[in-house]
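A.B. asks: Dropping a structure here in structure tokens format, bear with me for questions.
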Amino acid sequence: MENKYRLIIAYNTAQMLLVDKVLRTAGIQTELVPAPPETGTVCAIAVKIDLSELENSSETLKQNDIKVKDIIEEKKLKLQGLIDEKLGRAVTAEFINILRKIENGDGLNKDEIVYLLSTQKPREIEAIYTAADRIRKEMVGDVVEIRGAIEFSNYCCKSCNYCGINAKNHGASRYRMNEDEIMEVVHDLYKVGIKTVILQSGEDAQWTTERLIELIKRIKRETGMRVTLSVGEKRREEYEALREAGGNNFLLKIETTNRELFKEIHPDDDYDHRIQCSKWLKELGYINGSGNIIGLPGQTVEDIAVDILYFKEMGINMIGIGPFIPAKGTKYENHPHGGIEETLRAVAVTRIVCKKVYIPSTTALASLDKDAQVMALQCGANTIMLISTPEEYRRSYRIYDNKNMVDMEAAVYAVTKAGRKMPEYIKIMKKEERRMKNDE
Ligand code: SF4
């Protein structure tokens with residue numbers, strides 16, 4: 001059966017945004033979605049339209065003198081062989097139906113996602129991880145993306161109840177790096193071949209948008225690296241100015257899509273405004289990052305299923321999924337941490353549902369168990385973030401307690417043990433990889 005959607009592939013992000021705007025202005029319904037692997041990098045975006053709007057869209061683009069790279073049929077990812085006789089009676093008929101939908105590349109509904117997140121049957125869990133790993137391989141390949149994160153300030157004006165550096169935690173020891181200190185680390189990352197630097201901080205009024213703009217421009221001028229920003233909520237004009245300065249990616253996690261729970265954990269924030277910020281980021285052409293926390297107080301499996309559908313519907317490109325870990329001096333300091341198994345399951349199901357996205361094997365997982373990062377790479381994750389904050393500050397960036405300082409050695413360990421590949425662009429790793437292999 002012919003697919004009822006078409007994907008418009010633009011030559012670059014600016015053109016893709018223009019196409020989207022022009023079509024929407026003409027009353028054509030569009031959706032920005034990850035482009036298929038054969039058309040570009042993991043973060044490439046396409047404009048999705050209904051087949052019935054194809055003629056109208058082509059005419060509108062022509063009238064506006066816009067020539068696009070291609071318009072293709074949206075193909076489903078078909079997987080063979082997920083269902084075999086080995087599954088036998090160890091799985092339910094309902095599970096087989098869900099697997100069949102995954103094999104056909106069909107979308108899953110909330111109840112089906114809840115089933116995948118909740119099952120305790122070992123054969124079913126194994127099949128979920130296998131499906132996620134195969135989709136990861138098909139959509140983003142075997143190479144694990146390595147990025148360097150600089151946590152440049154832990155001052156924050158907000159009071160998120162789960163966060164160890166929230167404004168009300170007077171036990172937190174505060175620091176703020178200056179531009180030169182940050183640039184020193186940026187150059188270290190550049191020297192080892194890392195292509196993307198993540199600039200992360202609390203919502204710190206001293207690090208104004210103007211200062212961030214100067215910093216981004218300097219990074220671009222001196223290294224040409226891609227810049228991911230993780231600096232919280234801002235006005236649209238500020239996001240726009242940061243984008244114009246060279247910001248490529250923006251990470252603004254929703255943490256939970258349950259409104260009440262969102263309010264409970266973010267007393268200073270408004271749920272609708274957070275979603276609005278995420279929409280602005282997408283409209284401005286950022287590679288848009290979000291994510292959630294698994295094991296928040298009062299969170300249900302249904303909540304996590306809705307989070308995953310939200311990532312899909314919003315066309316989120318990077319999805320960070322980490323277990324809740326309590327932080328001293330916060331409201332939830334005595335709440336138990338989220339489970340590794342529950343987090344891995346959320347990673348796997350997110351890969352199955354969202355397909356061509358970046359999913360980090362998070363530092364929070366590594367903080368519960370070094371091998372949890374390996375396991376995440378084996379069930380859908382494809383990115384590792386190195387904690388590159390200077391030694392004298394990194395212990396103070398304590399969003400949660402007992403944070404594991406994932407460095408290059410830890411990344412090589414996880415990638416090698418998971419049977420995956422380090423990127424070619426990492427220069428010093430070849431030697432370390434060989435050493436690890438020799439030690440085995
Ligand atoms: S989660 Fe972010 S915004 Fe909230 S208190 Fe922590 S650093 Fe600030």
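A short reminder: the numbers here are calculations on the coordinates, not readings from a lab. Not measured: the values here are computed from a predicted model. Note: ideal-geometry Cβ built from the backbone for every residue, glycine included; neighbour counts use all protein chains shown.
A.B. asks: Which of the residues that make up region 231-259 are buried (at least 21 other Cβ atoms within 10 Å of the Cβ), more than 16 Å from the ligand (Cβ to nearest atom) and aliphatic (A, V, I, L, M)?
C.D. replies: Of everything in region 231-259, just one residue is buried (at least 21 other Cβ atoms within 10 Å of the Cβ), more than 16 Å from the ligand (Cβ to nearest atom) and aliphatic (A, V, I, L, M), namely Leu242.
A.B. asks: Quick one: would you say Ile293 is crowded, with 21+ Cβ neighbours inside 10 Å, in contact (Cβ under 8 Å) with a residue 40 or more places away in the chain and within 13 Å of the ligand (Cβ to nearest atom)?
C.D. replies: Yes; evaluated as a whole, the condition is true for this residue.
A.B. asks: For region 5-14, what are the residues that are surrounded by 17 or more Cβ atoms within 10 Å (Cβ to Cβ) and either of a type in the set (A, V, I, L, M) or farther than 26 Å from Asp106 by Cβ (or both)?
C.D. replies: Across region 5-14, the qualifying residues are Leu7, Ile8, Ile9, Ala10, Thr13.
A.B. asks: Is it the case that region 200-215 has a residue that's under 21 Å from Phe324 (Cα atoms), among the charged types (D, E, K, R) and touching a residue at least 40 places away in the same chain (Cβ under 8 Å)?
C.D. replies: Checked against the condition, which is being under 21 Å from Phe324 (Cα atoms), among the charged types (D, E, K, R) and touching a residue at least 40 places away in the same chain (Cβ under 8 Å), region 200-215 yields at least one hit.
A.B. asks: So which residues in region 390-415 are part of a helix (DSSP H, G or I) and closer than 13 Å to Lys370 by Cα, if there are any at all?
C.D. replies: Glu409, Ala410, Ala411, Val412, Tyr413, Ala414, Val415
A.B. asks: Between residues in region 84-98 that are surrounded by fewer than 10 Cβ atoms within 10 Å (Cβ to Cβ) and residues that are in a helix (DSSP H, G or I), which pairs lie under 9 Å by C-beta distance while being six or more apart or on different chains?
C.D. replies: Once the first residue is surrounded by fewer than 10 Cβ atoms within 10 Å (Cβ to Cβ) and sits in region 84-98, its partners that are in a helix (DSSP H, G or I) give Gly88/Arg123.
A.B. asks: Please tell me if Asp188 is without any contact (Cβ under 8 Å) to a residue 24 or more places away in the chain and either surrounded by fewer than 16 Cβ atoms within 10 Å (Cβ to Cβ) or near the ligand (Cβ under 9 Å from one of its atoms) (or both).
C.D. replies: Against the criterion (without any contact (Cβ under 8 Å) to a residue 24 or more places away in the chain and either surrounded by fewer than 16 Cβ atoms within 10 Å (Cβ to Cβ) or near the ligand (Cβ under 9 Å from one of its atoms) (or both)), Asp188 does not qualify.
A.B. asks: Next question. Within region 170-185, restricting attention to residues that are within 16 Å of the ligand (Cβ to nearest atom) and touching a Ser or Thr at 6+ places or on another chain (Cβ under 6 Å), which residue is farthest from Leu229 (Cα to Cα)?
C.D. replies: Per the stated criteria, the residue is Ser173.
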